[in-house]
There are 2 protein chains.
Amino acid sequence: MAITTKDLAQLCGVSRTTIHRALNGTGRIKPETKEMILQVAKEHGYRPDLLATGLAKGQTYNIGVVVLDVKNRYFAQMLSTISTEAYARGYGVNITLHGGDAGTEREQLTRLADYRVDGIILSSVNEGEAYRTFLESLHRPIVSVDNRIADGIPFVGIDQRAAVREAVQRAAEKGYERIVFVCPPLDTKNRQNLYVHKERLLGYEEEMKRYPALRPECILSWDYLQKVDAILKEGKRTAFVCTADEYALEIMKDQKRAKRKAPVDYGITGFDNIDTLAYVTPQLSTISNVVDEVAKSAVEMLFAMIDAEPEVEQMTGDSQRILPHRYLEGETL
Amino acid sequence: MAITTKDLAQLCGVSRTTIHRALNGTGRIKPETKEMILQVAKEHGYRPDLLATGLAKGQTYNIGVVVLDVKNRYFAQMLSTISTEAYARGYGVNITLHGGDAGTEREQLTRLADYRVDGIILSSVNEGEAYRTFLESLHRPIVSVDNRIADGIPFVGIDQRAAVREAVQRAAEKGYERIVFVCPPLDTKNRQNLYVHKERLLGYEEEMKRYPALRPECILSWDYLQKVDAILKEGKRTAFVCTADEYALEIMKDQKRAKRKAPVDYGITGFDNIDTLAYVTPQLSTISNVVDEVAKSAVEMLFAMIDAEPEVEQMTGDSQRILPHRYLEGETL
DNA sequence: ATGAAAGCGCTAACAG
DNA sequence: CTGTTAGCGCTTTCAT
C-alpha cells in the first residue's frame, strides 16, 4: 500500500541505491538529484518501513522494558522517566508487563529480543543462575532494576535493607516498646515483587538485633489488619514498619474505626513514597526509593552498553549501581 | 548470532521450506521429519526472527497504544486492561506516550504504523478533519478513546457532558445556593487532555440553564485554591463540581487549613474515581468513567476491525460506542 | 556520482 | 511429501 524505495526509484528514474543515498545523506550524490528525490519522496509521503530497516541493519532503535504492572505508582513513574530519556536519545520504547508471573516475564523478554530491541530494562520476579543463563541467551544488553538477579547482570537500585534499617532505627530512637514489621506473605505466588520485600525483611531482622530490649515480630499475612488490631489492644507503645505505603494506609484507615490515630496511639512508617500520600493526613513517614534516579541511571547504563556492544559480545562486566534511599519524615512515627 | 531456518535446513539436511512447514505445522510433511526438525530446533534454541516474519507476512501481531501519560491513574488502568486483553488474543502491545504534545503524538503514531502494528488505540490531543486525514494516511485500523476526533474515526468513551450534568443536578437537588465549576485553563497549552474538560464544561453550562435561581460560575485557572477560598468566605452554601479528582482533593486539603470541611462547610464532587480516593476521608463523591469497560470495548472494536480489514481498505464506517458513566455517592456533597 | 547485486530471515506460490 | 524460486523493503559492498 505505502510507497517504497523501489517505487521512488521508478518515479525518479534512478536506482534504489541512489534513492537510499538521497534519503540517508550518505555517500556521494549530486545535489540536484538529491533535491529532486527528496521532493518526490515528500510529495508521495514516503516513509521507510521500520521492520525492513531493522532487519537489514540488525538494529531497531528501540529498547524494551519489562515491569510488573503499570498501575503500580512506582513502575508508572519509572516508565515515564525511561520513556522521556529514551525519546531524547532518538529511541522508541516498547513497554510490556509480566504481572508478577515468571513465565510471562520470560515470554515478554523473548518476544522483545526476537523483535531485536537494542536493549532491555527489566524489573524481574526471577532470580538465580539459571535465570542468568536465560537472560544471556537473549544476546541483548540488559539492565535489571529493583531486583539483583545474579552476579554479572547489571543492576540499579537502592539498598532495601539499609532503608528498612533506618526506619527501624528511627522507631527505636523514639522509644517504642514494640517494633513490628508488616509485609505480605513471602511464600505464596502472589502478584508482588517478592525480592524487595524479602530484602526489607532481612533489613528489619538485622537492625532489630541491635536492640536487645526489643523482640523481632513480623506480620506476614493478608489478615494483617486484624493482627495489628490485636497487637494494639495489648496496650504497649508500638510502631509498625510497613514494607509498602499501601499497607500503612490500609492500617491507618482501619484504625480510624477504632479511634486510634498515629502517632499518638501507635507509630507507623511506609515505603515507596507513592503520590497518594500527598492527600492523606496525618502525613505518613516513609522511605523514598528514588525511582527517578534509578530509572535515569538504568537508561544511562543501558545506553553505555548499547554503544559499547557493537563489537564485543560481553555484558560490560557486572556493573552494579546502588543509589542512596531517602527517609522522609512525616507525622506518623 | 542466533540460529536461523537456513542453519536448521543445513543441520537437518532438508530445505528451508520443509523447516518452515515443520515449525508452523502447515502443509503436508512426514511426521518423522517433523519430529526430527522440531528436535533439532529445540536443541539449538531456535526462535523465529519477528522482524523478518512481520516483513514477510505483512502482519506483526502487535497493536500500538498511544496515550498521554502513564502516571495518570486513568491511563494506567486503561493500559493494564488493554495489555491483558491483547495478550489473551496472542497479541503484543507497544505502549507509547505523547505527553500532551500534538507533534509527539503524530510522531508516535507514525512510528507505530511504520513498525506495522496491526492496529492502534489512541487517546488523542488532536482533533478535526485535518487530523482525520492524517490518521487515515496511516492505513491502519485505529480506535480512539476519550476524545472524539472526527466523524468516521471509531470511538469509545463516556458521555462527559451527561456525567457532569448529573453531578450538577445532584448538587442542585441538595439545595446549594451556588454551584461552581472547577477546571484547569482550557486555552493554554498545558499537559492535559483538554477535550474531555471542554466537554465537561459544556455539560455544566447546559445543566445550569435548568436552574434559573443559580448563576453559572466557573473557575478556570491554576490559582483555583485561592478563588475557592474567596468564594467560601462569602458564606453562601456552595458546591464545587470539579473536572478531576485531583483538584477536588487539593481543595479539600487546602480547606482543612481553614478548618472548613465537606460536606458541612461546602459541597464538592470529583471526576474519574482514582484509587487514591480509597484512602481519603471524607469519602469524595465522584464520577466513574468506567475505564475498564472503555478499554475492553476499545480492544474488542479494534480486533473486529483487524479481523475484518484484510480484504477491504475501510474503517468499518463510523462506529461509536458511548458507555454509561456512574455517579458514585460519597460523603462530600 | 550512480548502479548492480547480494543479503537480512522468513513466507508463499508453484513444481515435482 | 519435499524442493525451487521469488519476494517482503531496506542496506551495503563492489563495480563502473
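Bear in mind these aren't lab numbers, they're just calculated from the coordinates by the rules spelled out. All values reported here derive from a predicted model rather than from experimental measurement. Ideal geometry is used to build each Cβ from the backbone, glycine not excepted, and the neighbour counts take in all protein chains shown.
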inquiry  = In 10 Å bins starting at zero, report the fraction of Cα pairs in the stretch B:1-144 per bin as a rounded %.
reply    = 10, 31, 24, 17, 14, 3
note = Under the 7 Å Cα-to-Cβ spin-label approximation, A:Arg257 and A:His44 lie apart by a distance in nanometres of 7.0
task = Per DSSP H run of n ≥ 4, the term is -39500 (n - 2.57); total these for chain B, divide by its residue number, and report the mean residue ellipticity at 222 nm rounded to 500 deg cm²/dmol.
result = -13500 deg cm²/dmol
ask   = In whole angstrom, and with the biggest value first, how far do the Cα coordinates of chain A range along each principal axis?
value = 90, 40, 29
message = Within 10 Å of each Cβ in B:45-52, how many Cβ atoms from other chains are there, averaged over the peptide?
response = 5
request  = Only Lys, Arg, Asp and Glu count, each charged at its Cβ (+1, +1, -1, -1), so figure out the dipole size of the protein assembly as shown about its Cα centre, rounded to 20 debye.
outcome  = 600
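For a Förster distance of 45 Å, can you work out the FRET efficiency between the beta-carbons of B:Arg28 and A:Asn24, rounded to the nearest 0.05? List each step's numbers first, then the result.
On the way: r = 45 Å, r/R0 = 0.99.
My answer for the efficiency is 0.50.
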message = How shielded is B:3-14 by partner chains, expressed as the average number of their Cβ atoms within 10 Å of its Cβ atoms?
response = 0
ask   = Translational D (Stokes-Einstein, µm²/s) of the stretch B:97-251 at 37 °C and 0.692 mPa s when Rh comes from the Kirkwood sum over C-alpha pairs?
value = 189
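If the only charges are +1 at each Lys and Arg Cβ and -1 at each Asp and Glu Cβ, what is the size of the charge dipole of the stretch B:160-288 around the Cα centre, to the nearest 20 debye?
Values: 22 positive and 19 negative charges, 72 e Å.
Dipole size: approximately 340 debye.
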ask   = How would you order B:39-46, B:58-65 from highest to lowest mean count of nearby Cβ atoms within 10 Å?
value = B:58-65, B:39-46
request  = May I have the extent of the alpha carbons of the stretch A:91-162 along their three principal axes, as whole Å values ordered from largest to smallest?
outcome  = 38, 27, 23
ask   = In terms of Cα to Cα distance under 18 Å, which aspartates and glutamates are near enough to A:Lys57, apart from those fewer than 8 places away along the same chain?
value = A:Asp49, A:Asp114, A:Asp118, A:Asp307, A:Glu309, A:Glu311, A:Glu313, B:Asp49, B:Asp114
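Placing unit charges on C-beta atoms (Lys and Arg positive, Asp and Glu negative, everything else neutral), compute the dipole magnitude of the stretch A:5-48 about its Cα centre in debye, rounded to 20.
Details: 8 positive and 4 negative charges, 39 e Å.
In debye, rounded to 20, the stretch A:5-48 gives about 180.
Using C-alpha positions alone, give me the convex hull volume of the stretch A:213-333 per residue in cubic angstrom. Before the final figure, lay out each step's value.
Working: hull volume 18.1 nm³, N = 121.
Looking at the stretch A:213-333, the number lands at 150 Å³ per residue.
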message = Give the lysines reachable from B:Lys34 as a straight Cα distance under 19 Å; neighbours fewer than 8 places away on the same chain don't count.
response = B:Lys6, B:Lys42
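At 0.36 nm per residue, and after removing the present C-alpha to C-alpha distance, how many nm does the segment from A:Ala130 to A:Lys57 gain when stretched out fully?
On the way: separation 73, 0.36 × 73 = 26.28 nm, distance 3.12 nm.
Separation in residues times 0.36 nm, less the Cα-Cα distance, equals 23.2 nm.
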request  = List the distances, in nm to one decimal, from the label point of B:Pro324 to the label points of the same position in every other copy, shortest first, placing each label point 7 Å from Cα along the Cα-to-Cβ direction.
outcome  = 5.7
key: Shielding of B:81-90 by partner chains, average beta-carbon count, 10 Å   = 2
key: Cross-link reach list, lysines versus A:Lys296, counting only Cα pairs under 26 Å and skipping chain neighbours closer than eight places   = A:Lys71, A:Lys198, B:Lys71
The stretch A:160-288: translational diffusion in µm²/s, Stokes-Einstein, Kirkwood Rh over Cα pairs, 37 °C, 0.692 mPa s = 225
note = the protein assembly as shown: antiparallel bridges as % of DSSP beta bridges, rounded to 5, reads 10
Cα-based equivalent ellipsoid of the protein assembly as shown: semi-axis lengths in Å, sorted from largest, via gyration tensor = 47, 37, 21
query = Put the label 7 Å from Cα along Cα→Cβ for B:Leu186; what are its distances to the other copies, in nanometres, shortest first?
reply = 5.4
request  = Quick one: with label points 7 Å out along Cα→Cβ, list the inter-copy distances for B:Gly175 in nm, shortest first?
outcome  = 5.1
query = Which Rg and Dmax, in Å, describe the Cα atoms of the stretch B:5-48?
reply = 9.0, 24
Per-peptide average of other Cβ atoms within 10 Å, ordering A:255-268, B:90-103 highest first = B:90-103, A:255-268
query = Considering only B:Gly157, A:Gly64, B:Ala278, whose Cα is most displaced toward the positive end of the charge dipole of the protein assembly as shown, charges sitting on Cβ of Lys, Arg (+1) and Asp, Glu (-1)?
reply = B:Ala278
